[in-house]
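Encoded as structure tokens, the structure appears first; notes follow it.
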Amino acid sequence: MKKLIVLTLVSLASIFSYGQKVATATPEALQKAKTSGVIVFGVPADITAAEVDGVKNYYKQYFTTTLDEKKHEITLTLINNDEMSKQVVNRLMVSLDIRDYKVEGAELSFDEVFEKYLK
């Protein structure tokens, strides 16, 4: 019986600890990004410059990437302000384990953010 209880607790703990990271943005910043080609997301504090540096070179033909570790913001400056480049932003974010976005308190997928704000 003890083993069953311990196994259950360990399973539950592992499920809750595997939470995905959430990026934040304001509707105003996303609307501005639509025309300016500069997208700024707030990111969790545990994302480091080393992590960003490790993946950003895969996407350099689409955008440049900088991380402000003090503000916990990632800035993506699109090379070409087109839909393809904006879609590739999701690949960078997924490589940083960010799959959800919070805009004005609403949790959205990247597809929803793209359709509503960036397209």
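Listed values, structure above:
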| item | result |
| --- | --- |
| About the Cα centre, charge dipole magnitude for the stretch 46-88 (Lys/Arg +1, Asp/Glu -1 at Cβ), debye | 120 |
| Beta bridges per DSSP with both ends in the stretch 20-118, % antiparallel, nearest 5 | 75 |
| Cα-based Lys pair tally, the stretch 20-118, threshold under 18 Å, eight or more apart or on separate chains | 16 |
| Electrostatic dipole magnitude of the stretch 20-118 [Cβ: Lys, Arg +1; Asp, Glu -1; Cα centre; debye, to 20] | 220 |
| Partner aspartates and glutamates for Lys119 [C-alpha distance under 12 Å; skip if fewer than 8 residues away on the same chain] | Asp82, Glu83, Asp111 |
| Dimensionless Rg over Rh [the stretch 34-119; C-alpha; Kirkwood] | 0.93 |
| Label point distance in nm, Ala50-Asp97, each placed 7 Å from Cα along Cα→Cβ | 1.4 |
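Throughout, read-outs are computed from the coordinates displayed, never taken from laboratory work. What you see is a predicted model; the values in this text were computed from it and never measured. We place every Cβ from the backbone using ideal geometry, glycine too, and count neighbours over all the protein chains shown.
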